[in-house]
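Here is the structure we will look at, set down as structure tokens.
The values are calculated or read from the model by the stated rules, or taken from the named source; none is laboratory data. Not measured: the values here are computed from a predicted model. Glycine gets a Cβ as well: all are built from the backbone with ideal geometry, and neighbour counts include every protein chain shown.
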Amino acid sequence: MKWLEVIKLRSAGTDSRLLEELLLSIDKFNQRGLVEMKTFHHAALESDWSIHLHWESERAEQNGSVLGLRLAKALKEFGLIDHSIWVEKEK
């Protein structure tokens, strides 16, 4: 099963260098089932971020992966967090 974990951060714009370093360091984690991790920032608001964790496993974690939950918790110090899980619709 393919599923996507999306963590959106609406930050107050404080020290984006620290935030970028945190996001870059996460790529080094070797998580079972993690296919890809992508980070995006809003086109007009560089202080808004979206982190996409692409997973492939037997089932989706309804509340989020351990990595996603830790990441969401760590990012809370930068602003408001929205953490959601999406399952790919099979054809």
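Some observations on this one:
- Put simply, of S50, S84 the only residue that is outside any helix (DSSP H, G or I), modelled with pLDDT of 90 or more and surrounded by 13 or more Cβ atoms within 10 Å (Cβ to Cβ) is S50.
- Total residues in segment 76-90 satisfying the condition of being farther than 18 Å from H54 by Cβ and not acidic (D, E): the figure is 5.
- Residues that are over 10 Å from the mean Cα position of the chain (by Cα), closer than 18 Å to W3 by Cβ and not in a helix (DSSP H, G or I) are absent from segment 20-28.
- Residues of segment 21-66 classified as under 24 Å from S11 (Cα atoms) and in contact (Cβ under 8 Å) with a residue 40 or more places away in the chain, total: 11
- Applying the criterion of being among the charged types (D, E, K, R) and in contact with a Phe, Trp or Tyr (Cβ under 9 Å, 6 or more places away or on another chain) to the residues of segment 1-19, the residue that is modelled with the lowest pLDDT is D15.
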